[in-house]
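What follows is a set of notes on a single structure, which appears directly below.
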Amino acid sequence: SGASGAARAAPVFVLALEPAPVKLTANALVLRSATRQASFVDEAAPAFDAYRGGDYAAAADAFARLAPRYPSAVELPFYLGVSRLLAGDAAAAAAALRTARAIGDPTFADDIAWYLAVAGERAGDGAAARAELDALCRGTSADAARACAASAALTSR
């Protein structure tokens, strides 16, 4: 299999990929590690600093290291997923986002759905992306109209 010499065009995506704003649940503000007295907020600060600074690979590593210590903290798998997505690993992003969804915290439900849609599109799974967007579109969140428009744009491709 020889190279044709033709440069491949970068894929064009319909769904915008932007860093999610940092937010914490009320639970995160009181969480303490089971093995030490450190607080979640203190331990997670370096990961969030890397995330806010645009070093998504370092942020993903830091979120992944913390996740086992705080299994009920939806923030860790959510921002791990978004960081992996921004670092270009859509499949690993989707896995982390599904872990975040399984925690069941409604604070992040719509955000998880949006980023799962983005991960699906970037992984080449348009059907999964549309399923997430259609579910958001049927909802009443602030993301509903954006999801409806995005689903229509994906469908028309």
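The values are calculated or read from the model by the stated rules, or taken from the named source; none is laboratory data. Keep in mind it's a predicted model, so treat the numbers as computed, not measured. Using ideal geometry, Cβ is built from the backbone for each residue, glycine included, and neighbour counts are taken over all protein chains shown.
Here is a list of conditions, (1) closer than 18 Å to Ala129 by Cα; (2) in contact with a helix residue (DSSP H, G or I) (Cβ under 7 Å, 6 or more places away or on another chain); (3) modelled with pLDDT under 80, and Val12 meets all of them except one; can you say which number that is?
Single failed check for Val12: (2).
Give the residue, chosen from Ala57, Ala73, Ala64, that is buried (at least 16 other Cβ atoms within 10 Å of the Cβ) and modelled with pLDDT of 95 or more.
Numbers: Ala57 fails: buried (at least 16 other Cβ atoms within 10 Å of the Cβ); Ala73 fails: modelled with pLDDT of 95 or more.
None of the other options fit; the residue is Ala64.
Kindly indicate which of Thr99, Thr107 is among the β-branched types (Val, Ile, Thr) and touching a residue at least 60 places away in the same chain (Cβ under 8 Å). Break it down stepwise before answering.
Numbers: Thr99 fails: touching a residue at least 60 places away in the same chain (Cβ under 8 Å).
Selected residue: Thr107, the only one of Thr99, Thr107 that is among the β-branched types (Val, Ile, Thr) and touching a residue at least 60 places away in the same chain (Cβ under 8 Å).
Please verify whether Ala94 is among the hydrophobic types (A, V, I, L, M, F, W, C) and closer than 19 Å to Val41 by Cα, treating the condition exactly as stated.
Values: among the hydrophobic types (A, V, I, L, M, F, W, C): yes; closer than 19 Å to Val41 by Cα: no.
No: the conditions fail for Ala94.
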